[in-house]
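Peer 1: Handing you this structure, nothing more for now.
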Amino acid sequence: MKKILIVIFLFSLKFTIYSQNSSYTEIKDLKILENKIEANTSKINTIISDFVQEKKLDYLDATITSKGKFWFKKSNFLRWEYFEPYKYLIVINAGKFYIKNESKVSVYDVNTNKVFKEVNDLLISMVQGNIMFDKKFHIDAFENKTLYLLKLVPIDSNMKKIIAKTKIYIDKNDFSVVKVVMEESETDYTIISFVNRRFNENISDNIFNIK
Amino acid sequence: MRIYRIIFLILSSFILFTSCGTFCCLNKQKLLNNIDVSNYSILEKKYNSLLFKANIKALGNDYTGLIFIKYFASDSSIHIVFISELGLNLFDFKYKSDKFEVVTCKDFFNKKQIINILQSDFRSIVQDLSKIETNKISIKEVNDFKILKFIHLSDKYFYFYRSNFDVFRIYKKAGFFKTINVSIVKNSEDLLDSINISHSRIRLSINLKLIKVQNNAN
């Protein structure tokens, strides 16, 4: 009986902590948060992180999981690499957008290709956490004890057809992005969780050279 | 010259007649007994879902990502979902009661012509053979394999298979000139490995490589 009570107590304690963490309050003054994010992202020159991407198709009761790693170097270098379920590589380097699929490499000029410009800007601002400076979105901000939550709704109607809403979770300690949720609909969304995040480590330029 | 034309016509008719004649028309029950159409499954319905690495080349565009195919026993429907590497849902087609419907469709794929071609291609591998009219089915035996032939929705289908309806090729003829070839490759353990769909007159091909299967029991 004593053991059961302990289990119930621990369970309710865990539930209470979870409830506290998950309850967000709205941040009315976005300017203060913007300044904090700007001040902190200016200190970050490089990021290395593993990520887990979960494509949730709730209406089909399915989750498709991909895993990978990214390397970011200021101001516009990114290597976004999938290891599972198969190898696939995206590299952004000096205005070029490279995609390597198996042995085939495709190159796109970010400045002349609107779609890749959008993807380039989105990926870079997403990993840096400064997406709230992007004027293409209407932004609401929230916070709890450990996280900031940014809810972004695209202003452009064409963009709205692709992504209805994006949620970005930012760690209050280091202002790094912990999780991104891209909602296409309420039952169709993608969660990207960033783990093992490391900052300001030296990254060789070779990482962003694709062969 | 006229006589050559007549000989040509007679010979062509003869060839056409003999080629049709070698297909033995069967009633549906016999066909069911022979190949068990109820268990007909290129995609192996014993599995709940299949995940493929996908490459769709269409009219000069090259799309890669994942194709997720899931069978729902509750309403006998099948969903075919194409997802980009970054997680964007590019299309979701639902096949139910021998009809397709578009659940979602984005970007380049959201054009009637493209949707029709893709649905027609996927029909070859997911369609329910029990929906085919009895008098339009025939089977031909060739060496170590058989060919199941039928007409459905104005298109001619030829399923090349070995025992237990182990289909390794599908040939589809739509109209006079359009043909679609589907090759199905299995691995050494006799499990589905890849599906490749190509067209004779349209610059469109679909290449699928199996990544993962989920069993019904899981």
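Peer 1: Can you name the condition, by its number, that A:Lys135 falls short on among (1) over 30 Å from A:Leu30 (Cβ atoms); (2) modelled with pLDDT under 85?
Peer 2: Result: A:Lys135 fails condition (1) only.
Peer 1: Between a residue in the range A:184-198 that is more than 8 Å from chain B (Cβ to nearest Cβ) and any residue that is open to solvent by less than 50 Å² (accessible area, probe 1.4 Å) and not in a strand (DSSP E or B), which pairs come within a Cβ distance under 6 Å, given they are 6 or more apart or on different chains?
Peer 2: Short answer, once both residue conditions are applied: A:Arg197/A:Ser176.
Peer 1: In the range A:120-136, what count of residues is obtained for those that are open to solvent by 20 Å² or more (accessible area, probe 1.4 Å) and among the hydrophobic types (A, V, I, L, M, F, W, C)?
Peer 2: Result for the range A:120-136: 2.
Peer 1: Please go through the range A:22-66 and give me each residue that is within 12 Å of another protein chain (Cβ to nearest Cβ), open to solvent by 20 Å² or more (accessible area, probe 1.4 Å) and out of contact with any Ser or Thr (no Cβ under 6 Å at 6 or more places or on another chain), ordered by number.
Peer 2: A:Asp61, A:Thr63, A:Thr65, listed by residue number.
Peer 1: From the list B:Ser188, B:Ser198, B:Ser194, B:Ser130, which one is out of contact with any helix residue (DSSP H, G or I) (no Cβ under 9 Å at 6 or more places or on another chain), under 30 Å from B:Thr104 (Cβ atoms) and more than 14 Å from chain A (Cβ to nearest Cβ)?
Peer 2: Every option except B:Ser198 fails the conditions.
Peer 1: Something else about it: So, in the range A:152-183, of the ones that are in contact (Cβ under 8 Å) with a residue 60 or more places away in the chain and open to solvent by less than 40 Å² (accessible area, probe 1.4 Å), which residue ends up farthest from the other protein chains (Cβ to nearest Cβ)?
Peer 2: Filtering the range A:152-183 for residues that are in contact (Cβ under 8 Å) with a residue 60 or more places away in the chain and open to solvent by less than 40 Å² (accessible area, probe 1.4 Å), the one farthest from the other protein chains (Cβ to nearest Cβ) comes out as A:Phe175.
Peer 1: Taking the range B:53-89, which residues are at the interface with chain A (Cβ under 10 Å from one of its Cβ atoms) and either at positive phi or touching a residue at least 24 places away in the same chain (Cβ under 8 Å) (or both)?
Peer 2: Hits for the range B:53-89 are B:Lys53, B:Asn55, B:Gly65, B:Leu66, B:His79, B:Gly87.
Peer 1: Identify all residues within the range B:132-152 that are touching a Ser or Thr at 6+ places or on another chain (Cβ under 8 Å) and surrounded by fewer than 20 Cβ atoms within 10 Å (Cβ to Cβ); write none if there are none.
Peer 2: B:Lys140, B:Lys149
Peer 1: Also, quick follow-up: Would you pick out the residues in the range A:70-96 that are under 26 Å from B:Leu50 (Cα atoms) and touching a residue at least 60 places away in the same chain (Cβ under 8 Å)?
Peer 2: Across the range A:70-96, the qualifying residue is only A:Leu89.
Peer 1: Could you tell me which of the residues A:Lys117, A:Lys145 is open to solvent by 60 Å² or more (accessible area, probe 1.4 Å), touching a residue at least 40 places away in the same chain (Cβ under 8 Å), of a type in the set (Lys, Arg) and out of contact with any Pro (no Cβ under 9 Å at 6 or more places or on another chain)?
Peer 2: Checking each option against the conditions leaves just A:Lys145.
For every residue, the table says whether it meets (1) open to solvent by 50 Å² or more (accessible area, probe 1.4 Å); (2) farther than 25 Å from A:Ala62 by Cβ.
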{"position": "B:Ser154", "(1), (2)": "yes, yes"}
{"position": "B:Tyr171", "(1), (2)": "yes, yes"}
{"position": "B:Phe177", "(1), (2)": "yes, yes"}
{"position": "B:Ile184", "(1), (2)": "no, no"}
{"position": "B:Ser188", "(1), (2)": "yes, yes"}
{"position": "B:His199", "(1), (2)": "no, yes"}
{"position": "B:Ile206", "(1), (2)": "no, no"}
{"position": "B:Leu210", "(1), (2)": "no, no"}
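Peer 1: What are the residues in the range B:77-102 that are aliphatic (A, V, I, L, M), part of a strand (DSSP E or B) and touching a Gly at 6+ places or on another chain (Cβ under 9 Å), if any?
Peer 2: The answer is B:Ile83, B:Leu90.
Peer 1: Being under 30 Å from A:Val91 (Cβ atoms) and either of a type outside the set (Phe, Trp, Tyr) or more than 14 Å from every other protein chain (Cβ to nearest Cβ) (or both) is the filter here, so list the residues in the range B:90-102 that pass it.
Peer 2: B:Leu90, B:Asp92 - these are the residues of the range B:90-102 that are under 30 Å from A:Val91 (Cβ atoms) and either of a type outside the set (Phe, Trp, Tyr) or more than 14 Å from every other protein chain (Cβ to nearest Cβ) (or both).
Peer 1: Now for a separate question. Name the single residue, out of those in the range B:103-122 being part of a helix (DSSP H, G or I) and within 13 Å of chain A (Cβ to nearest Cβ), that is surrounded by the most Cβ atoms within 10 Å (Cβ to Cβ).
Peer 2: Here the answer is B:Phe109.
Peer 1: Considering only residues that are modelled with pLDDT of 90 or more and either within 12 Å of another protein chain (Cβ to nearest Cβ) or under 25 Å from A:Thr63 (Cα atoms) (or both), which ones fall in the range A:81-114?
Peer 2: A:Glu81, A:Tyr82, A:Phe83, A:Glu84, A:Pro85, A:Tyr86, A:Lys87, A:Tyr88, A:Leu89, A:Ile90, A:Ile99, A:Lys100
Peer 1: In the range A:67-80, what residues are of a type in the set (Gly, Ala, Ser) and within 13 Å of another protein chain (Cβ to nearest Cβ)?
Peer 2: A:Gly68 - this is the single residue of the range A:67-80 that is of a type in the set (Gly, Ala, Ser) and within 13 Å of another protein chain (Cβ to nearest Cβ).
Peer 1: Out of the residues in the range B:58-76 meeting the condition of being under 29 Å from B:Ser130 (Cβ atoms), of a type outside the set (S, T, N, Q) and part of a loop (DSSP other than H, G, I, E, B), tell me which one is modelled with the highest pLDDT.
Peer 2: B:Asp75
The values are calculated or read from the model by the stated rules, or taken from the named source; none is laboratory data. The structure presented is a predicted model; accordingly, all values stated were derived computationally and were not measured. Positions of Cβ are generated from backbone atoms using ideal geometry, with glycine treated the same way; all protein chains shown enter the neighbour counts. Just so you know, the surface numbers come from the protein's heavy atoms only, side chains and all, with ligands and any DNA or RNA stripped out. Shrake-Rupley method; radii C 1.70, N 1.55, O 1.52, S 1.80 Å.
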